[in-house]
Structures are given as structure tokens and as C-alpha cells.
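Worksheet for the structure shown next.
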Amino acid sequence: MPDLPDDVMPGPEPEDLSALSMTQLRDIRTSLQEVEDGVSYARRLAQGRLDTLDAERHRRGAIDDPTSSAPDLQDILPEALAAHGRGPGLPRPNRDLDPPSWADRLLEELEEAVPPAMVAALAEVEPTELDRASKQVAAIEHELSAQRADLHRRINGLQEELISRYREGAGVDDLLT
């Protein structure tokens, strides 16, 4: 499973957020948001690859059904890729769309599981190989989702601490810095 590079995380999770300054809280939150951007980028690519494999599996199922005509993968792919366009919950603010340079390291296992040449020739891939690749990509996507959820938990904890301090009367200087 893809692991976050050691040099990416801003350090261990602080045990006592109340001991940190507002600036420290914001700096850690910003660092974690940048890590989350990279993990989200990798997860989206894994999900797209998984959706593509699933669309091919679905297309093959339609071929096996004698009552339906076989669709072209290009015809069903837009709908398959749009299926995971937006998750539940409130939308996140727009962020920089350039992934961090280290995010490609998270995708090495994905590229090994389903190389671009395989994607280009999915119709020729044996069913057992397609199933194996789909399971492997699903496991990669699951791990990236778990990493992303942990990052969200940490970011939310920092955000809650900041909000709590604002409610308790953080000074104007704290709000501006």
C-alpha cells in the first residue's frame, strides 16, 4: 500500500493542542492541508483508474448478455468517471490544483498494478488479469482514503482548537496573524 513519504508529514501529532500558539496551530494545519492535497490527488487518480477498470468489466458483462449490444468503453467512460465527482458533506474550499511534487511517489504502486499500456488496451486484457488489477487498485484506493480520513481528523482537531480560542476571546492580534 502507498505510504506517505517520511519527509511529507509535519511531525508527530501534538498531544496537547492547547499548549500550542495560534501561529503553530495554523502552521500545522496548513502543512496538513498540503499533505491532504497530495493524498487527495493520488486517491482521485486511483479512483479514476478503478472506475475505468470497472467500466470495462461492466462493458464485458453487456457483451455476455445476448439481448444487449456491446457498448464501446469510450461511450460509457464519461458516466463511469463522473460517478465519484463529489462525495457527501459540505464542499471544501477551492484549493491549488497543482499537486505537490511528492504525490507521484504515492502513485508508483498504482502504475505497477495498472500501467498506462494496460489502460490503453483494456479490451485485450484477460478477465483474470482485469479482476486482479481491479482488486489491487481498490486496495490502493482504500488505503489512500484511510490516510485522507486520518488527515481530515487531524485538520479538524486543529480547526476546532482554533475556533474554540476565537470563541473564548482570542485577541485581534491573534485573529490577524
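Any read-out appearing in this document is the output of simple, stated calculations on the displayed coordinates, not a laboratory observation. Keep in mind it's a predicted model, so treat the numbers as computed, not measured. Neighbour counts run over all protein chains shown; Cβ positions are idealised from the backbone, glycine included.
Can you tell me how much longer the chain between residue 150 and residue 117 gets when fully stretched, taken as 0.36 nm per residue apart minus their C-alpha distance, in nm with one decimal?
8.6 nm
Stretch residue 7-residue 160 to full length: gain in nm at 0.36 nm per residue minus the Cα-Cα span?
52.5 nm
Report the label-to-label distance for residue 58 and residue 34 in nanometres (one decimal), using points 7 Å from each Cα along the Cα→Cβ vector.
The two pseudo-label positions are separated by 3.8 nm.
Send over the per residue convex hull volume for the range 1-61, Cα only, as a whole number of Å³.
Dividing the Cα hull volume of the range 1-61 by its residue count gives 109 Å³.
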